[in-house]
Amino acid sequence: MISPVPADPTVVHPMPEQPRVVLLKPLITSSLIEVGEFSYCDDPGHLTAFETRNVLYHYGTEKLVIGKCCAQGEGVRFTMNGANHRMDGPSTFPIPIMDGSWSEHFDLITGRGGP
């Protein structure tokens, strides 16, 4: 029987009989992730960890936007721009994200800075 009451987009578990299905919008805390109403994830293992387990390398300012009524299957991953490595230096090793003098002088060896 179909319920006369419309679905609630603010509940985490829209189908109590299917506990592995969660609506994403109520779970998101990052201002860099936008999820439309009724988009859900089916994940039996880590239901409420979508931001940390499914959105990878989210170090920059880019925004992840997931529309309304989108289904994310088990194991889906969003690889953000932070996974890219610069190609204009002596190596693709991510020197700038390391602390210390390496990151302080990287622009000198790529020609992007210095006196």
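Read-outs throughout are calculated quantities, based only on the coordinates presented, and are distinct from any laboratory measurement. What you are looking at is a predicted structure, and each value in this text was computed from that prediction instead of being measured. Note that we place each Cβ from the backbone using ideal geometry, even for glycine, and neighbour counts take in every protein chain shown.
A few remarks follow.
- Once you divide the Cα radius of gyration of region 21-82 by 2.2 N^0.38 Å, the number left is 1.02.
- Between Ser101 and Glu34, the FRET efficiency from the beta-carbon distance, with R0 = 30 Å, is close to 0.20.
- Distance between the modelled labels on Asn81 and Glu51, one decimal in nanometres: 2.1 nm (7 Å Cα→Cβ projection).
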